[in-house]
Amino acid sequence: MIRKSTRRIVFVIGLQLAMRCILSCDSYAKTIDVISIDDPITPVVAEYIIKSIRESEQSTSECIIIQMDTPGGLDLSMREIIKEILAASIPVVVYVAPSGARAASAGAIIALSAHVAAMAPGTNIGAASPVSLGGGKIDDVMKKKVENDAAAYVESLAVKRGRNSEWAIKAVRESVSIGEEEALRLKVIDVISPDISALLNDINGREIEAAAEKRKLQTNGCAIVYKEMGFRENILKTLANPNIAYMLLLLGLAGLYFELSNPGAIFPGAIGGISLILAFYSLQSLSANYAGVLLILLGTVLFIIELKVASYGLLSIGGIIAITLGSLMLFQSPVPYLRLSLTVVIFSVAIISLFFLGVIALVLRAQRRKTTTGCEGLVGMAGEAMSDIAQFGKVFVHGEYWNARSRMPIAKGDRVRVTAIDGMCLTVEHIERT
C-alpha cells in the first residue's frame with residue numbers, strides 16, 4: 001500500500017511538473033511582432049504592412065505592433081491597410097512613436113482603426129482632411145463629397161473601436177490635431193507608453209475583439225520580434241519618391257534618345273528602357289499628373305526635331321518650355337512629400353537644356369562647315385591652267401585634270417581657283433601670283 005501511494009504521489013508530482021513545463025514553453029513560444037513605419041503611406045508601405053499582418057497571423061504572435069511616424073499618404077493605400085486590420089485574426093496595435101513622431105492624415109485614420117491605439121509622450125495625431133493628390137484643384141461640390149465620404153468613414157471606424165467619433169469627424173472637417181495627453185483624455189487613443197516594453201505592460205490583460213472573437217491580450221513574458229523591410233520593399237519604397245521618379249523619367253528619355261541617334265549602341269537603350277519602366281511604376285504609385293508626363297515627352301520630341309529641321313532655335317525654346325511646365329505639373333499636391341523639389345526641377349531642366357542646345361550648336365556648325373569631300377569639296381581649291389583658257393580649257397586641280405571655263409582669259413601656267421562646278425566642268429578664276 002505504501003509503495004502504491006508513493007507511486008501515485010510521484011506520478012502526480014511528475015504530471016504537475018510536466019504541465020508547468022508545457023505551459024512555460026507555450027508562454028515562451030508566444031511572440032510580439034513589431035514593424036516600424038516612418039514614411040508616407042504609399043502602395044509599397046501598404047503592401048509591407050498587409051504582408052506583415054498576414055505573416056503574424058500564421059505564426060505564434062500574440063499581436064502585431066505597428067510603430068508609426070507618418071505625415072499621411074494615399075487614400076487607396078490607407079483603405080487597403082485598414083481593411084486588413086479590420087479583418088485580422090490577431091490584435092493590431094498602432095503605436096505612434098518615438099517621441100516627436102506624428103500620425104497625420106492617413107496615419108491618424110489607421111490609428112483609429114487599430115484594436116489598440118497608443119502614443120508615446122511628445123507625439124501628435126490628427127489633421128486628417130482629404131486632399132487632392134492627383135494634381136489640379138477640385139471644385140467645391142466635389143470637395144464636399146470627398147470630405148463627407150471621409151467623415152463618414154472615420155466615424156464608422158471610431159464607433160467600431162469605441163473611440164471618440166466627434167473628434168474623428170473634426171479631424172477630417174477641421175483638420176484638428178492634438179497631443180497624446182489630449183488624445184487620451186478625449187478617448188481617441190487607449191494608452192500612453194514611453195516605449196515598447198511599457199506598452200506591452202500597459203495593454204496586458206486588455207480585452208479586444210479580433211475577427212468577431214473577444215480575447216484578452218497576454219503580452220507579459222512574450223518575446224519581442226522586430227521585423228524590417230526586405231531588400232525588395234526598400235527598393236520599391238525608394239522608387240516611390242517623386243524626385244527619384246522624375247530623375248528616372250528623364251534618364252529613360254535620354255537613354256532612348258541616344259539609342260535612336262546611334263542604333264546598335266544597346267547600353268543606352270537598355271538603361272533607358274529599364275529607367276522608363278521603373279519611372280512609370282513610380283508615377284502610378286504617386287498618382288502623377290499625366291499631362292505633365294506628356295509635356296515632358298513633347299519637349300524631348302521638339303529637341304529631336306530641332307536636329308532635323310532648321311527652326312533657328314524656336315523648337316528648342318518650345319522644348320525647354322514644355323519640359324519646365326511638365327516638370328512643375330507632374331506632381332501637384334498640397335503636401336510637400338508628394339511634390340517635386342524645385343531645386344531638382346531647375347537643375348534637371350538646366351542640364352537638359354544645356355545638353356540639347358550644345359548638341360544643336362554642333363549640328364549647325366557641322367551643317368555650315370565647308371564641304372571637303374566629293375565634287376563640292378573642289379570649290380575654293382587652287383590649281384594650274386594646263387592650257388590657255390579663252391572660254392574653255394584644261395586645268396589641273398587636286399591631282400586631277402578637269403575641263404574648265406572662265407569669264408576672263410587665263411594664260412597657260414597661271415594659277416586658278418575653282419569658284420563653281422557644273423557636272424564635269426569647273427568654273428575658275430585667275431589668281432595673282434605672290
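Every read-out reported here was derived from the displayed coordinates using simple, explicitly stated rules and does not represent laboratory data. Quick caveat, the model's predicted, so the values are computed rather than measured. FYI the Cβ positions are ideal-geometry reconstructions off the backbone, even for glycines, and counts take in every protein chain you see.
Taking each residue as 0.36 nm, the span from M142 to Q58 lengthens on full extension beyond its C-alpha to C-alpha distance by 26.0 nm.
Between the amide H of L426 and those of N403, A404, R405, distances stay under 5 Å, these residues lying 5 or more places away or on another chain, with hydrogens modeled in the peptide plane.
A simple rule links phi to the HN-Hα coupling: the Karplus curve 6.51 cos²θ - 1.76 cosθ + 1.60 with θ = phi - 60°, which for the range 146-154 gives 4, 5, 4, 4, 5, 5, 5, 5, 5 Hz, with x for Gly and Pro.
Just want the ordering: C63, C222, C425, from fewest to most Cβ atoms lying within 10 Å of their own Cβ. Don't skip to the end; give the middle numbers.
Numbers: C63 26, C222 21, C425 13.
Arranged by neighbour count, lowest to highest, C63, C222, C425 become C425, C222, C63.
The spacing between the range 403-425 and the range 106-126, judged by their C-alpha centroids, is 94 Å. Amide H contacts under 5 Å for I41: G72, G73, L74, restricted to partners 5 or more places along the chain or on a different chain, H placed in the peptide plane at 1.01 Å from N.
Amide H contacts of I224: I32, each under 5 Å away and 5 or more positions distant or on a separate chain (H built 1.01 Å from N in the peptide plane; Pro and chain starts excluded).
Compared with the direct C-alpha span, the chain from N201 to V159 gains 12.5 nm at full extension, assuming 0.36 nm per residue. The length gained on full extension between L86 and R215, counted as 0.36 nm times the residue separation minus their Cα-Cα distance, comes to 44.9 nm.
Here is the list for the range 395-434: GluC sites (Glu not before Pro) lying in DSSP coil, each with at most 12 other C-beta atoms within 10 angstrom of its C-beta, are E432.
Within the range 45-112, the ratio Rg/Rh, alpha carbon atoms throughout and Rh by Kirkwood, equals 0.96.
Approximating the spin labels as points 7 Å out from Cα along Cα→Cβ, the K394-to-M408 distance works out to 2.5 nm.
For a Förster distance of 30 Å, can you work out the FRET efficiency between the beta-carbons of L294 and A265, rounded to the nearest 0.05?
Values: r = 27 Å, r/R0 = 0.88.
E between L294 and A265, to the nearest 0.05, is 0.70.
PRE reach from I274 (point 7 Å along Cα→Cβ): which of the range 224-258 fall under 18 Å by backbone N? Answer for this model: 231-240, 244-258. Note on the range 375-431: along the principal axes its Cα atoms extend 25, 18, 17 Å, ordered by decreasing extent.
What shape does the range 241-368 take by its C-alpha gyration tensor, where a ≥ b ≥ c are the square roots of the eigenvalues and a/c under 1.5 counts as rounded, a/b above b/c as prolate, and the rest as oblate? Write out the running numbers ahead of the final one.
On the way: a/c = 2.46, a/b = 1.51, b/c = 1.63.
Oblate shape, in that a/c is at least 1.5 and b/c is the bigger or equal ratio.
If you take all other residues with their beta carbon under 11 Å from the beta carbon of P121, and give Lys and Arg +1 and Asp and Glu -1, the sum is -3.
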